[in-house]
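Have a look at the structure below before the remarks.
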Amino acid sequence: MTKKPLMTSFLKEKKNRDAIVEWKKRLDDNRGERARLRRCREPMQVLLNASYYELKASIPDLPNSQSLALAAVAGLLSIADYSGGSLPQKTFATQLGSAKTEGSAPVMSESRFRQLIKSRDWPEFYRRMRRAIKMVGSNVNIISVADLVFQFGFKGRGKIRPEPGQSFQFRFAEDYFEASIKSEKTAGKKEVS
């Protein structure tokens, strides 16, 4: 499986991706801070935690307009299980569309997925992403989660309308449905045997 390029410009730089991974490792070692972030129910609450400002300081290229998106990243990554090794090859959307075990249904149902991509505001998106991360379980692709959150932030500003094939919803749906269809085909072959 080939990785699709990240769309968020500052995540294209390895130093920014590495800063997020290193911050996540430090957060996992600090159970108290991690617990405080986990209790946040929306990105605005994350802004009141020191861990957010530590992450923000480690990514100086971040545009100020993306502060709320970074807060969402910090809060969401606090609940994500990441083994600390290499990042999974699958995007987060692919992880949601893949079967948890061979021959089973996708991790996230299509109706929940549709609700997620139709989120209208930060609290709604944040709540649905929290649920999605918990569904994936172990070894979430944290950089892919961050990229999706930043794409949602750009979508919400509405200043630039991306080409249809480059929109947040299209990219997310493409990965999800490709994995979901593959899971269904695998399940069908297993039933025939």
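Here are a few things to note about the model shown:
- Residue in region 84-96 that is farthest from the chain's Cα centre (by Cα), counting only those that are surrounded by 14 or more Cβ atoms within 10 Å (Cβ to Cβ) and hydroxyl-bearing (Ser, Thr, Tyr): 94
- Single residue of 105, 99 found to be in contact (Cβ under 8 Å) with a residue 60 or more places away in the chain, open to solvent by 40 Å² or more (accessible area, probe 1.4 Å) and farther than 26 Å from residue 15 by Cα: 105
- A search for C-beta distances below 6 Å between a residue of region 7-36 that is among the small types (Gly, Ala, Ser) and any residue that is in a helix (DSSP H, G or I), counting only pairs 6+ apart in sequence or on different chains, returns 19/58.
- Restricting attention to region 123-156, the residues that are of a type outside the set (D, E, K, R), in contact (Cβ under 8 Å) with a residue 40 or more places away in the chain, open to solvent by 50 Å² or more (accessible area, probe 1.4 Å) and not in a loop (DSSP other than H, G, I, E, B) total 2.
- Subset of region 38-50 (residues that are surrounded by fewer than 24 Cβ atoms within 10 Å (Cβ to Cβ), closer than 20 Å to residue 133 by Cα and in contact (Cβ under 8 Å) with a residue 24 or more places away in the chain): 38, 40, 41, 42, 44, 45
- Among the residues of region 51-67, those that are without any contact (Cβ under 8 Å) to a residue 24 or more places away in the chain and open to solvent by less than 60 Å² (accessible area, probe 1.4 Å) comprise 52, 67.
- Residue match in region 79-94 (condition: without any contact (Cβ under 8 Å) to a residue 60 or more places away in the chain and in contact with a Cys (Cβ under 7 Å, 6 or more places away or on another chain)): no
- All of 65, 86, 9, 78 fail the test of being at pLDDT 95 or above and among the polar types (S, T, N, Q), apart from 78.
- Hey, residue 104 of a type in the set (Gly, Ala, Ser) and either on the phi > 0 side of the Ramachandran plot or outside any helix (DSSP H, G or I) (or both) or not: yes
The values are calculated or read from the model by the stated rules, or taken from the named source; none is laboratory data. Computed from a predicted model, the values in this text were never measured in an experiment. Methodologically, a virtual Cβ is constructed for each residue, glycine included, from the backbone with ideal geometry; neighbour enumeration extends over all protein chains shown. Heads up: the accessible areas ignore ligands, DNA and RNA and are worked out on the full protein's heavy atoms, side chains in. Shrake-Rupley method; radii C 1.70, N 1.55, O 1.52, S 1.80 Å.
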